[in-house]
Amino acid sequence: MTGSVVVAGLGPGAQELITPEVSAALALATDIVGYAPYVARVAERDGLQRHASDNREELDRAGFALRLATEGRHVVIVSSGDPGVFAMAAALFEAIEAGDPSWRELDIRVLPGISAMFATAARIGAPLGHDFCAINLSDNLKPWETVEKRLRAAAEADFVIALYNPISKARPWQLGRAFELLRSIHPASVPVIFATAISDPRERIDVAPLGEAVPQRADMRTLVMIGSSQTRIIPRSSGADFVYTPRFSGAVS
Ligand code: SAH
């Protein structure tokens, strides 16, 4: 019997934001593998084994999933958001490339999910309406100098920047340093969106000008989005302002 490995995105949190394709894969799975809080989002049922692991064991987790599949199991590796964005899909292919040659012949599929930057953008308006980029602020897997170089280049090129993993107990100063660097390039008025736990009951979304943005507002479930020089705020009397970036920029020939 041939097994399979599906790596699936569970979206930002809400059940309604899980795609029907991912729900169908979860319903057919024999095993769920992933970081404990994501595995906990898949309901228990007869015939389903849930294997929760620590956040830092991504390669081991991928190898474990592949070995289960060679035994004929139908494994779903779960990620939050989209599995291809700073998540398990790349770890799976890294394990496949370096691992047993038989692994690459398995039935392997990646099922997309709604990434935090898209859930955030939809909540507040259309900040990603023009060119944008996504940067993982964590320096666990790359040197901090690389992060700074990319932040500087992105701000100088006037991209809207979605910052994932902005802060954690082990990385307390990086976001403050990122704001300082961006303030040396952008006007202080550029809007910064702090979006925490989007689509969850504890969702919170605030906008501050770059000149007043403070890292204390962010936690591990916050996506920080820094506007470009063109990003605009539409104030509303409720205080729930819209933020958008026009689709055009400069002279168009
Ligand atoms: N694969 C995920 C990202 C994993 S990295 C995706 O595509 O969304 C984890 C980071 O994602 C967090 O530190 C935070 O920056 C962001 N994030 C995940 N879920 C979020 C949510 N519901 N609201 C805001 N940010 C979220």
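The values are calculated or read from the model by the stated rules, or taken from the named source; none is laboratory data. Just so we're clear, the structure is a prediction, and the values are computed from it rather than from any experiment. Cβ: placed from backbone, ideal geometry, glycine included. Neighbour counts: every protein chain shown. Ligands, DNA and RNA are stripped out before the accessible areas are found, and what is left, the full protein with its side chains, is counted by its heavy atoms. Shrake-Rupley method; radii C 1.70, N 1.55, O 1.52, S 1.80 Å.
For segment 75-135, what number results from the quotient of the Cα radius of gyration and 2.2 N^0.38 Å?
1.44
Using alpha carbon coordinates only, what is the Rg to Rh ratio of segment 149-215, with Rh defined as the Kirkwood radius? Show your work: numbers first, answer last.
On the way: Rg = 12.5 Å, Rh = 12.8 Å.
Rounded to two decimals, Rg over Rh is 0.97.
Looking at segment 77-184, what % of the alpha carbon pairs are farther apart than 25 Å? List each step's numbers first, then the result.
Values: 1956 of 5778 pairs.
Looking at segment 77-184, the distances longer than 25 Å represent 34 percent of pairs.
Report the charge-dipole magnitude of the chain in Debye, nearest 20, computed about the Cα centre from +1 at each Lys and Arg Cβ and -1 at each Asp and Glu Cβ. Don't jump to the answer; show the numbers that get you there.
Values: 25 positive and 29 negative charges, 132 e Å.
So the dipole magnitude of the chain works out to roughly 640 debye.
Looking at the chain, what % of its DSSP beta bridges pair antiparallel, to the nearest 5?
Of the beta bridges lying entirely in the chain, close to 40 percent run antiparallel.
Give me the percent relative contact order of the chain, please, defined on Cα pairs under 8 angstrom at least 6 residues apart.
Once normalised by length, the contact order is 19 percent.
Rg and Dmax of segment 41-88, Cα atoms, in Å?
11.4, 31
Give the Debye-formula value of log10 I(q)/I(0) at each listed q (0.10, 0.16 Å⁻¹), with one equal scatterer per alpha carbon of segment 117-244, two decimals each.
-0.27, -0.72
If each Cα of the chain is one equal point scatterer, what is log10 of I(q)/I(0) from the Debye formula at q = 0.10, 0.16 Å⁻¹?
Debye output, listed in q order: -0.54, -1.14.
If you roll a 1.4 Å probe over segment 117-244 with all protein chains in place, what percent of the accessible area is carbon or sulfur?
Roughly 53 percent, rounded to a whole number.
Working from Cα positions, state the angle (0 to 90°, nearest 10) between the long axis of helix 88-98 and the longest principal axis of the chain.
50 degrees
Per-residue ellipticity at 222 nm for the chain, helices alone: DSSP H runs ≥ 4 residues times -39500 (n - 2.57), over residue total, nearest 500 deg cm²/dmol?
-8000 deg cm²/dmol
Heavy atoms only, 1.4 Å probe, whole protein assembly: order 117, 220 by accessible area, highest first.
220, 117
In segment 4-114, if every C-alpha pair distance is counted and binned at 5 Å from zero, what percent goes to each bin?
Result, from short to long distances: 2, 14, 27, 27, 19, 8, 2, 0 percent.
I'd like the accessible area for residue 196, computed on protein heavy atoms only with a 1.4 Å probe and all protein chains in place. Round to 10 Å², please.
That residue has around 10 Å² of solvent-accessible surface.
Work out from phi, with θ = phi - 60° and the Karplus expression 6.51 cos²θ - 1.76 cosθ + 1.60, the ³J(HN,Hα) of each residue of segment 57-66, listed in order in whole Hz, and give x for Gly and Pro.
Here the 3J(HN,Hα) series is 9, 5, 5, 4, 5, 5, x, 4, 4, 5 Hz.
Taking the dipole about the Cα centre of the chain, with the C-beta of Lys and Arg at +1 and of Asp and Glu at -1, give me whichever of 134, 242, 198 is farthest to the positive side.
242
Quick check for you: with a 1.4 Å probe and neighbouring chains kept, what is the accessible area per residue of the chain, in Å²?
Per-residue value: 51 Å².
Using amide H atoms built in the peptide plane, which far-off residues or other-chain residues are under 5 Å from residue 128 H to H?
Residues meeting the criterion, in which the H sits 1.01 Å from N, are 245.
Tell me the angle of helix 144-156 to the major Cα principal axis of the chain, expressed in degrees between 0 and 90 and rounded to the nearest ten.
50 degrees
What angle, in degrees between 0 and 90 and rounded to the nearest 10, separates the Cα long axis of helix 174-183 from the longest principal axis of the Cα atoms of the chain?
On a 0 to 90 degree scale, this one is about 40.
Where Rh is the Kirkwood radius over the Cα pairs of segment 1-48, the temperature 20 °C and the viscosity 1.002 mPa s, what D in µm²/s does Stokes-Einstein return?
185 µm²/s
Which peptide among 133-143, 225-235 comes first, and what is the full order, when sorted by highest mean count of other Cβ atoms within 10 Å?
225-235, 133-143
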